[in-house]
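Notes follow once the structure below has been shown.
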Amino acid sequence: MQIKIEIDVKPEELRRFLGLPDVSGLQDEIIAFLRDKVEAASEFDAGGFVKSNIDAIKNIVAKVTVKDATAESETERPRRSRRKTQDPE
């Protein structure tokens, strides 16, 4: 035996029936916030930022390069081989 029940309700009615909160206002605020952020990001001038901060960027790159070179030189040192000695029985 099969029983089929079809219920035609709007999402708002179903949320109210299930006792879920109405978050449409929060969703609208989040969308507005994201739109503002996307608009601000499209106005960002990366070239101008780099030009105005070129000295700081050079210092950061120099520090990273020096650290990488130091790390590479430490790993390139010859390692002593450790051999297990066999005890004669």
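The values are calculated or read from the model by the stated rules, or taken from the named source; none is laboratory data. Only a predicted model underlies this, so the values are computations on that prediction, with no experimental measurement involved. Quick reminder, even Gly has a Cβ in these numbers, built from the backbone with ideal geometry, and neighbours come from all protein chains shown.
From Val9, Val50, which residue is more than 26 Å from the chain's Cα centre (by Cα) and not hydroxyl-bearing (Ser, Thr, Tyr)? From the options Val9, Val50, the qualifying one is Val9. In this structure, does Ile60 turn out to be out of contact with any Lys or Arg (no Cβ under 6 Å at 6 or more places or on another chain) and modelled with pLDDT of 85 or more? Answer is no for this residue.
Against the definition (at pLDDT 80 or above and under 30 Å from Lys10 (Cα atoms)), how does Val23 come out, yes or no?
It is true that Val23 is at pLDDT 80 or above and under 30 Å from Lys10 (Cα atoms).
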